[in-house]
């Protein structure tokens, strides 16, 4: 949105968030190359300290490659539950300055502070106040971009970050402001792949047209760009190249699906192994559905084989939404039995979508006086876990080494550990 300054949008991005949180409980690792994520050979990097980034280690990089690039790096397994708690504390700080907060992930969010300027000052003033509060109260850093829209604010936050170079770490600005009258000057020198929607294939086509930077888009006939990319994508990129973005900050973003998946250090080769792990996954998905107060009508089973990362998905839909692990398992088991696991399965996933309220029509048996109320077992499970912890009780397949190890939200987000 070329708004002439009507809106003040912030993009706040926590600085090396997962690593920074880990350093609070491991201060002896400060200044060392630290990597957080899956520590096993099938893991991926969730975050890397700037000391590790100097060696080319970055998020989403396979852990095995990260080890080769930085053999002396210190690998720590991710602790998603801790990061969620700290993220909630960061959110509390954001909420002091505006109710219009759109979280994108645990470590970044958009804030519309347009209506807060009379109380707290300009968008830049508010950005510095937030940054100072996060540092003083949580001992964490964040970088903030300030602009008239979301697209420019996100680009600006990147420019505010420190940079890891092979021979040094350059401090960042902390806060970067793109003034309304300086938007084009800010955009023009940027590499064209910084525009949203420019992936490898699109970038190759743009390079063929001699478009390497944002400014180049203005020197090429729009009809030529449209012929190479298609009218819709061409119009989208040309609009972004002028700084246009009219999307509002969305406060309420209801979940469209709830799911869990796990990558296994050793491949699964039998139906019984699949079933054992599927029980754990369905229990976790059902538990989260109940926490959200919804059920799922559509259930999807995701399977990734070890032969070239071939992935398949199969889904089924029922007339009624359910939040019961037993019902979810009953729906997925016929699908599972059609899958041949002999090539070796490295990943299983279960997700529920088409979310809505859970209704249950009682049967004659359930209406009998001695029959337990519908959902009583699930309610008892939830109560025990609330009182004694997430691993207090679970399916028999969750027992490992004499302990219950249920699937946890984000517990294996970055692959299996050693």
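Output the number of residues of region 178-201 satisfying the condition of being under 22 Å from residue 14 (Cα atoms) and either under 26 Å from the mean Cα position of the chain (by Cα) or surrounded by fewer than 17 Cβ atoms within 10 Å (Cβ to Cβ) (or both).
Applying the first criterion (under 22 Å from residue 14 (Cα atoms)) to region 178-201 yields 178, 194-196.
Applying the additional criterion that residues be either under 26 Å from the mean Cα position of the chain (by Cα) or surrounded by fewer than 17 Cβ atoms within 10 Å (Cβ to Cβ) (or both) yields 194-196.
Of the residues in that region, 3 qualify.
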Practice prompt. Among the residues of region 217-260, count how many are in a helix (DSSP H, G or I), within 25 Å of the chain's Cα centre (by Cα) and more than 16 Å from residue 197 (Cβ to Cβ).
Written response: 0
Practice prompt. Just give me the residues in region 229-247 being surrounded by fewer than 16 Cβ atoms within 10 Å (Cβ to Cβ) and over 23 Å from residue 6 (Cβ atoms), in sequence order.
Written response: 230, 231, 232, 235
Fill in: residue 76 vs. criteria surrounded by fewer than 16 Cβ atoms within 10 Å (Cβ to Cβ), under 25 Å from residue 109 (Cβ atoms) and touching a helix residue (DSSP H, G or I) at 6+ places or on another chain (Cβ under 8 Å)
no
Worksheet entry | Matching residues in region 176-201 - criterion: being within 15 Å of residue 240 (Cα to Cα) and assigned to a helix (DSSP H, G or I) | 180, 182, 183, 184, 185, 186, 187, 192, 193, 194
Worksheet, complete the sentence: Within region 125-155, residues being in contact (Cβ under 8 Å) with a residue 40 or more places away in the chain, surrounded by 17 or more Cβ atoms within 10 Å (Cβ to Cβ) and more than 19 Å from residue 24 (Cα to Cα) number 14
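Quick note: the coordinates plus some simple rules give every number you see, no bench work behind them. What you are looking at is a predicted structure, and each value in this text was computed from that prediction instead of being measured. Positions of Cβ are backbone-derived with ideal geometry, glycine not excepted, and every protein chain shown enters the neighbour counts.
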